[in-house]
Amino acid sequence: MSRILIVEDEDRISAFVAKGLQAAGFESQIARSGTEAIVQLANAHFDLVILDLGLPQMNGFEVLEKLRSGGSAVPVIILTARSSVEDTVQGLSSGAQDYMAKPFRVEELVARVRLRLRPVAQTDEAAAEITELEHAGLRLDLQSRQASVEGRGVELSAREFALAEVLLDHPRQVLSRDQLLDMVWESGPETSSNVVDVYIRYLRTKLGAERIVTVRGAGYRLATAEELARG
């Protein structure tokens, strides 16, 4: 059973999150300050941390910085009332894997926890051997950074290529705007979720509008070969 540390100084919220995690089959523990979180993380194993930013003694950014500078790679989901673009950028660039603003739905939080705890399908060695991605006639050469559709070369910008690479790396998965921001724009200047829609539009123009499917309320995925054949 995965163990999750909830770092939250508001008892009502931490109890609500803990109850939701327990119902989903997770074991959780609560730290009510940044310093308490650091102590618990040093003395016990946790598979994931849910981290508030507005903490007493040591804020969430400081906790995250201390974790990463100490070599910890534990996944961190920031859960906070701070929802500005600047705070989101700082959280993700400091090493958090996800960022959720309060108020929130516990079902969405649990879904994001499950995503971050999902085992990696391949080792780093196996990943290093992959030089090409292909799905339903769309092909990316990761070494030459060239793209083609049904054998026809397509010129993509660096950001467009990175977005296409993420989609091809998860060909049957619906990826939310937040996930795409995390994976493609983690350290970039464009941080509004609207930028995802803009670059999806760019890719549709260059690769074919039918190749990227909008899943209402969830995000984007690549069309299957069967869907493309049906037109």
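Taking a cut-off of 24 Å, what percent of all Cα-Cα pairs in the stretch 132-229 are separated by more than that? Can you show the working numbers first?
Numbers: 668 of 4753 pairs.
Result: 14 percent of Cα pairs exceed 24 Å.
If the reach is capped at under 13 angstrom between alpha carbons, list the aspartates and glutamates near K19, excluding any in the same chain fewer than eight residues apart.
Answer for K19, where 13 Å is the Cα cut-off: D11, E27, E107, listed by chain and number.
Show that you can apply the helix-only estimate: for the chain, add -39,500 (n - 2.57) for every DSSP H stretch of four or more residues, divide by all residues, and state [θ] at 222 nm to the nearest 500. Walk me through the numbers on the way to the answer.
Values: 10 runs with 100 residues, N = 231.
Mean residue ellipticity, 222 nm, calculated: -12500 deg cm²/dmol.
Using the Kirkwood formula over every pair of different C-alpha atoms, what hydrodynamic radius in Å results for the stretch 1-110? Provide the component values of the computation, followed by the final result.
Details: mean 1/r = 0.0732 Å⁻¹.
The answer is 13.7 Å.
Who wins for biggest fluctuation among G137, G151, G219 in a Gaussian network model of the chain, springs between alpha carbons below 10 Å?
Of G137, G151, G219, the Gaussian network model singles out G151 as fluctuating most.
How do K206, K66, K19, K102 rank by accessible surface area computed with a 1.4 Å probe, from largest to smallest?
Numbers: K206 75, K66 110, K19 150, K102 40 Å².
Greatest to least solvent exposure: K19, K66, K206, K102.
Work out the charge dipole of the chain with +1 on the Cβ of Lys and Arg and -1 on the Cβ of Asp and Glu about the Cα centre, then indicate which of Y220, Y199, A96 is farthest towards its positive end.
Y220
Of the beta bridges DSSP finds with both residues in the chain, what % are antiparallel, to the nearest 5? Please report the intermediate quantities before stating the final value.
Working: 16 of 32 bridges.
If we restrict to bridges inside the chain, about 50 percent are antiparallel.
Tally up the carbon and sulfur contribution to the accessible surface of the stretch 3-117 as a whole percent, 1.4 Å probe, everything protein left in place.
On the way: 2700 of 5340 Å².
Heavy-atom surface of the stretch 3-117 belonging to carbon and sulfur, 1.4 Å probe: 51 percent.
For the chain, report the convex hull volume of the alpha-carbon atoms normalised per residue, in Å³, without decimals. Write out the running numbers ahead of the final one.
Details: hull volume 32.5 nm³, N = 231.
That works out to 141 Å³ per residue.
Using Cα positions and a limit of under 20 Å, work out the aspartates and glutamates in reach of K206, with same-chain residues fewer than 8 apart set aside.
K206 reaches E132, E134, D141, E150, E155, E160, E165, D169, D197, E227.
Would you mind telling me the share, in percent, of accessible area of the stretch 132-229 contributed by carbon and sulfur at probe 1.4 angstrom?
Working: 2300 of 5130 Å².
After summing per-atom areas, the C and S share lands at 45 percent.
Per residue, how much accessible area does the chain have with a 1.4 Å probe, in Å²? All intermediate terms of the calculation are to be shown ahead of the outcome.
Details: 12270 Å² over 231 residues.
With the other protein chains kept in place, the chain gives 53 Å² per residue.
Name the long-range amide H neighbours of Q146: under 5 Å, sequence gap of 5 or more, or other chain; modelled H, no Pro or chain starts.
Excluding prolines and chain starts, which carry no amide H, the hits are D141.
The values are calculated or read from the model by the stated rules, or taken from the named source; none is laboratory data. Because the structure is a prediction, the values reported are computed rather than measured. No Cβ is skipped: glycine too gets one built from the backbone with ideal geometry, and neighbour counts run over all protein chains shown. Accessible surface areas use protein heavy atoms only, side chains included; no ligands, DNA or RNA. Shrake-Rupley method; radii C 1.70, N 1.55, O 1.52, S 1.80 Å.
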